[in-house]
1. With respect to residue 29, is the statement that it is under 19 Å from the mean Cα position of the chain (by Cα) and surrounded by fewer than 10 Cβ atoms within 10 Å (Cβ to Cβ) true?
2. Please determine, by comparing only the residues of segment 48-82 that are more than 14 Å from the chain's Cα centre (by Cα) and in contact (Cβ under 8 Å) with a residue 60 or more places away in the chain, which one is surrounded by the fewest Cβ atoms within 10 Å (Cβ to Cβ).
3. Just checking, which of 5, 53 is touching a strand residue (DSSP E or B) at 6+ places or on another chain (Cβ under 7 Å) and either at pLDDT 95 or above or at negative phi (or both)?
4. Being farther than 26 Å from residue 99 by Cβ and either touching a helix residue (DSSP H, G or I) at 6+ places or on another chain (Cβ under 7 Å) or assigned to a strand (DSSP E or B) (or both) is true for just one of 3, 33, 56. Which residue is that?
5. Testing residue 10 on (1) over 17 Å from residue 101 (Cα atoms); (2) surrounded by 16 or more Cβ atoms within 10 Å (Cβ to Cβ), one condition comes back false. Which one is that?
6. Does residue 38 satisfy the criteria of being within 15 Å of residue 11 (Cβ to Cβ), part of a loop (DSSP other than H, G, I, E, B) and free of Cβ contacts under 8 Å to residues at least 40 places away in the same chain?
7. Would you say residue 23 is free of Cβ contacts under 8 Å to residues at least 24 places away in the same chain, under 11 Å from residue 3 (Cα atoms) and surrounded by 11 or more Cβ atoms within 10 Å (Cβ to Cβ)?
């Protein structure tokens, strides 16, 4: 999976199309990611103790990794990612501006 935790991504499809955010969690086996402030749903929480009221909380749900593009820190645009193998190891690079990420 080419997207990692703490990357800035741009949402390409769905109700939040055009928004961007920071990746909070990554599930590589399921190809899903959670982006902060995007794909919010309301979840009803029950009160835990007697006398405590329940509440409605907004939670960021996961979305499929194919629905986002990584925002290149150099050119600032959504771009596909490639890999270069160097002596230092395997590095990601932006396919638009050819800069390492």
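1. On the way: under 19 Å from the mean Cα position of the chain (by Cα): yes; surrounded by fewer than 10 Cβ atoms within 10 Å (Cβ to Cβ): yes.
Considered against the rule, which asks whether it is under 19 Å from the mean Cα position of the chain (by Cα) and surrounded by fewer than 10 Cβ atoms within 10 Å (Cβ to Cβ), residue 29 comes out as yes.
2. Checked segment 48-82; the qualifying residue surrounded by the fewest Cβ atoms within 10 Å (Cβ to Cβ) is 73.
3. On the way: 53 fails: touching a strand residue (DSSP E or B) at 6+ places or on another chain (Cβ under 7 Å).
Going through 5, 53 in turn, just one is touching a strand residue (DSSP E or B) at 6+ places or on another chain (Cβ under 7 Å) and either at pLDDT 95 or above or at negative phi (or both): 5.
4. Checking each option against the conditions leaves just 56.
5. Status for residue 10: all satisfied but (1).
6. Details: within 15 Å of residue 11 (Cβ to Cβ): yes; part of a loop (DSSP other than H, G, I, E, B): yes; free of Cβ contacts under 8 Å to residues at least 40 places away in the same chain: yes.
Against the criterion (within 15 Å of residue 11 (Cβ to Cβ), part of a loop (DSSP other than H, G, I, E, B) and free of Cβ contacts under 8 Å to residues at least 40 places away in the same chain), residue 38 qualifies.
7. Numbers: free of Cβ contacts under 8 Å to residues at least 24 places away in the same chain: yes; under 11 Å from residue 3 (Cα atoms): yes; surrounded by 11 or more Cβ atoms within 10 Å (Cβ to Cβ): yes.
Spelling it out, residue 23 is indeed free of Cβ contacts under 8 Å to residues at least 24 places away in the same chain, under 11 Å from residue 3 (Cα atoms) and surrounded by 11 or more Cβ atoms within 10 Å (Cβ to Cβ).
The values are calculated or read from the model by the stated rules, or taken from the named source; none is laboratory data. These numbers were taken from a predicted model, which means no experiment stands behind them. Using ideal geometry, Cβ is built from the backbone for each residue, glycine included, and neighbour counts are taken over all protein chains shown.
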